[in-house]
Amino acid sequence: MKDILQTIILNLVDKKEEVEVKELDGEKSIIFEVKVAEGDMGKIIGKQGRLAKSIRTVIKAVANKEQKRVSVEFIG
């Protein structure tokens, strides 16, 4: 799941070396903290948050197969 998220993020940003995806595991849930360069934050979020919502939807679909809850947080 982390690899899928990282691949999506790396294809959207300009400064790939500043991308950091941290995975925080719980019993039934996983939280992903995505850190990108300040200039790339707009590219990740998209207009009115549409791209961020789409990224979350894809990751939640993958998590459903593993019967886990997932949350994706974007940190600038």
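Using alpha carbons only, how many degrees (0 to 90, rounded to 10) separate the axis of helix 50-65 from the longest principal axis of the chain?
30 degrees
Once R0 is set to 22 Å, what does the formula 1/(1 + (r/R0)^6) return for the Cβ-Cβ distance between Thr57 and Lys35, expressed as a FRET efficiency to the nearest 0.05?
Working: r = 21 Å, r/R0 = 0.94.
Approximately 0.60, to the nearest 0.05.
Show that you can apply the helix-only estimate: for the chain, add -39,500 (n - 2.57) for every DSSP H stretch of four or more residues, divide by all residues, and state [θ] at 222 nm to the nearest 500. Don't skip to the answer; put the middle values down first.
Values: 3 runs with 30 residues, N = 76.
For the chain, the value works out to -11500 deg cm²/dmol.
Of all DSSP beta bridges in the chain, what percent run antiparallel (nearest 5)? Please list the in-between numbers first.
Values: 6 of 13 bridges.
Taking every DSSP beta bridge within the chain, about 45 percent pair in antiparallel fashion.
Quick one: how many lysine pairs does the chain have with C-alpha atoms less than 12 Å apart and a gap of 8 or more or different chains? Give me the count, please.
Details: Lys2/Lys22; Lys2/Lys60; Lys15/Lys35; Lys15/Lys43; Lys16/Lys35; Lys22/Lys35; Lys28/Lys68; Lys60/Lys68.
Lysine pairs satisfying the spacing and distance rule in the chain number 8.
Once Rg/Rh (Cα atoms, Kirkwood Rh) is worked out from the coordinates, which option in (i) 0.96; (ii) 1.08; (iii) 1.27 does it equal?
This structure yields the entry labelled (i).
No lab work stands behind these numbers, since they all come straight from the coordinates. What you see is a predicted model; the values in this text were computed from it and never measured. Note that we place each Cβ from the backbone using ideal geometry, even for glycine, and neighbour counts take in every protein chain shown.
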